[in-house]
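The values are calculated or read from the model by the stated rules, or taken from the named source; none is laboratory data. This one's a predicted model, so the numbers in the text were calculated from it and none came from an experiment. Virtual Cβ from ideal backbone geometry, glycine too; neighbours counted across all protein chains shown. What goes into the accessible areas is simple: the full protein's heavy atoms, side chains included, and nothing from ligands, DNA or RNA. Shrake-Rupley method; radii C 1.70, N 1.55, O 1.52, S 1.80 Å.
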Amino acid sequence: MITVSGRICQVFLLSMFCLCSSLAQTELLDHTDLEENNDLASIETQAASYNSQKSVKLNSAQLEELLSSGLFTISQSDAIMNHRKKYGSFLCLEELQQLKCFTKTELRSLSDFVIIEAGLGELNFTHSRSNISIRHHRLIENSQAYSQKTYAGSPDYLLIRYRVNKTGFYDIGFHLEKDSGEKLIYQKGVLPRFDHQRFYLNFYKSHGPIRQIVLGDFRINMGQGLISNARFNIGNNFNPSGLIRRGQSIYKFSGLDENRFHRGVATKMKLSKSIHITSYLSHKKYDALLIEDESTDQDSISSLQLSGYHRTDTELTRKKNVSVLSYGSIIDIKVKNTQIGLNQQSYKFNHPFLINKSPLRPQGLSQNTSLFSLDIRTDWNSILFFGEWAFNDQLKHALVFGLITSLDPRFDIGLSYRDYSPSYSSFFSGAIGQSSSAQNERGLRLALTYALNKQWSIQYSFDTWLKLKSKNAFIGSKLSSENLLRITYSDKNFLKVYLLFSSRQFPKSVEDILLKAILHKSHSLRLHCSYLPLKGIELRSRLEFSRYSYTAHAEKGILTYYEIVYKLTQHKIRARFRMTLFETTSHESRIYAYEQTVPGYYAIPSYSGSGYKVQLIIGLKPLNNLNIDLGYTRISYYDRNEIGSGMDKIMGSEKSQLQTQMVYSF
């Protein structure tokens, strides 16, 4: 490990030396294209894109809607609200420059997600806008599944998307997707049928009694996510506004998840100035493993299969063999600075679930479930209080509440508390917590950001939690916890350096909790640097260490990468090259690194073992309305002769992938 680790440090130090040399020799130009470059912030940007979907209405959005969009900080949201009270509606996005808390770079990024309303409706274009995109990728090396013909289809991944929209009126789209290993179904005289198909028709307006109608695929957002959550969540993060989940109630769904959405019809109506009602009806099929229950002599659901893969005979036999009928409603009432939400959701599976007989594990889903909640948000002296209390038809509850505020234009803070019963569960939940479901957890989360001056800022996040027994008694003798601390230096959008420290201690299994064993601990330290030496060129480098320990056992890891990004609009070409070196003791000390693939998509792979990875993405714009992107990725290992496991095992020490994407707008 010393040899490879030494090489990694040498490469990083050499890249830092080159970077410092360029800093000393290059005259700084007036660039404003510095892309946000750390993993967490990049994921937050992706989340904002996913959540907002051109739906943040600057002149009518309430404080919690601005915050939950992920696009604005607390100080920025307060400034927008105060400006509207004093001067009225914004006429254009550039007016935000009058507020000191916005930069030109931030305004450009907001233009894709914000609607400026004028009068009764949005600023509408005379004509609608359409685009079609085709994305393809495949591994060059064949895994055992293809050499042994276990998978029904080819290793090609194919995604076709079409969208037409007119701002303020409608948004219509569909997509066809075939995963690697899945088979296209051909019929004579008919276009090939893809394994997964999705569509939506979203009609909306800002006046009249009917505000929105969605037919097809959609997601529903209720309260803080205890019953239903439509938003993209990224776990523990630095932004205090990430503590609040509340946003718009209906989202047309165009993502890649093949399961976590509704299929049917949803409507939003305005009954009066202060009352809105949202309702929906959905019927959707899911993959599941069915087992005959000996006590009832009927097929019961052992587990839901949510991977979305239909490649093998086994996966195909489990395809869409369970259906779920769900319906619900939201009554939103606004009284001055307070909003109250009354939420209800019911869903019914056409098969029962196998009964969980273990007293050590929380109760899972049931065949018939009805959920109710009360959601309250109120703004008092620039302090936003929020909370939701939910319960099911068995009167088992879940509770979350908190506050976020700006103590100073430079200091934002947020705090939330959660208490989820082991017997409470919701299939569509997504509240704050360490797991994706609001179940079996009691915890406290703190997030704060502080700008020391224009160059230096500090961000800190802390989360602590306990797991519970089935009878609501604590188990284990120690709290689990997670700490994140980031110190950032930014100089006029040319240079950005941050140091990130994270630590986490947690039990890995029920056995660890029952034995009251020493908690598993993981730590990481990251140094990241990004610099623009010339217009359109960005240089990035990173060095990260990880450490994982349990009792007397300890493991270590190290990763570094160097990246060059070229993007110049007038040349109609863009390119991105990254070289990553890594070495870890095992999978436990793995290191994650966010990476952008073709535009609109990203990955967060984990690196373990010893090796290197190269990535090259080239984008071309041969026509004003046509974008073509080509990508090549290869990972090589020093410490193994096979990659992966099971049917996805590749014999050899290298794995490579080709990617292509074409987007045509008209």
Compute the signed sum of charges (Lys and Arg +1, Asp and Glu -1) over the other residues within less than 11 Å, Cβ to Cβ, of Gln615.
+2
Hey, if we sort Ser300, Ser437 by accessible area with the 1.4 Å probe, largest down, what's the order?
Ser437, Ser300
Inter-centroid distance (Cα atoms) of the stretch 604-655 relative to the stretch 434-462, Å:
33 Å
Heavy-atom accessible area per residue, the stretch 323-448, 1.4 Å probe: how many Å²?
44 Å²
Quick check: with the 1.4 Å probe, what order do Leu519, Leu658 take by accessible area, largest first?
Leu658, Leu519
So between Val335 and Tyr602, what do we pick up on full extension, going 0.36 nm a residue minus the alpha carbon distance?
92.0 nm
Testing the spin-label approximation: label points 7 Å from Cα along Cα→Cβ at Lys100 and Arg84. State their distance in nm.
2.3 nm
Length added when fully stretched, Asp297-Tyr638, from 0.36 nm per residue minus Cα-Cα
117.4 nm
What figure, in Å² to the nearest 10, do you get for the accessible area of Lys396 with a 1.4 Å probe and non-protein molecules left out?
80 Å²
Rounded to one decimal in nm, the spacing of the 7 Å Cα→Cβ label points at Lys348 and Phe174 is 3.1 nm
Which length gain, in nm to one decimal place, applies between Asp313 and Ile160 when the Cα-Cα distance is subtracted from 0.36 nm times their residue separation?
52.6 nm
So how far apart, in nm, are the two label points at Arg193 and Thr150 if each is 7 Å from Cα heading toward Cβ?
2.7 nm
Rounded to the nearest 0.05, FRET efficiency between Lys285 and Thr551 (Cβ-Cβ, R0 51 Å) equals 0.65
Using a probe of 1.4 angstrom, how much of the accessible area of the stretch 385-451 is carbon and sulfur, in percent?
64 percent
Which value, in Å², gives the accessible area per residue of the stretch 149-198 when a 1.4 Å probe is used on the protein heavy atoms?
51 Å²
Test of understanding: extend the Cα→C-beta vector of Asn381 to 7 Å, then name every residue of the stretch 389-407 with backbone N under 20 Å from that spot.
402-407
Taking r as the C-beta separation of Leu91 and Ile618 and R0 as 51 Å, the FRET efficiency to the nearest 0.05 is 0.80
Accessible area of Arg640, 1.4 Å probe, to the nearest 10 Å²?
70 Å²
Sort Thr278, Thr312 from largest to smallest accessible area, using a 1.4 Å probe on the heavy atoms of the protein chains.
Thr312, Thr278
Per-residue SASA entry for Cys529, accessible area with 1.4 Å probe, Å² rounded to 10:
10 Å²
Among Leu354, Phe372, Ser437 - extreme Cα towards positive end, dipole of the stretch 301-454, charges at beta-carbon:
Leu354
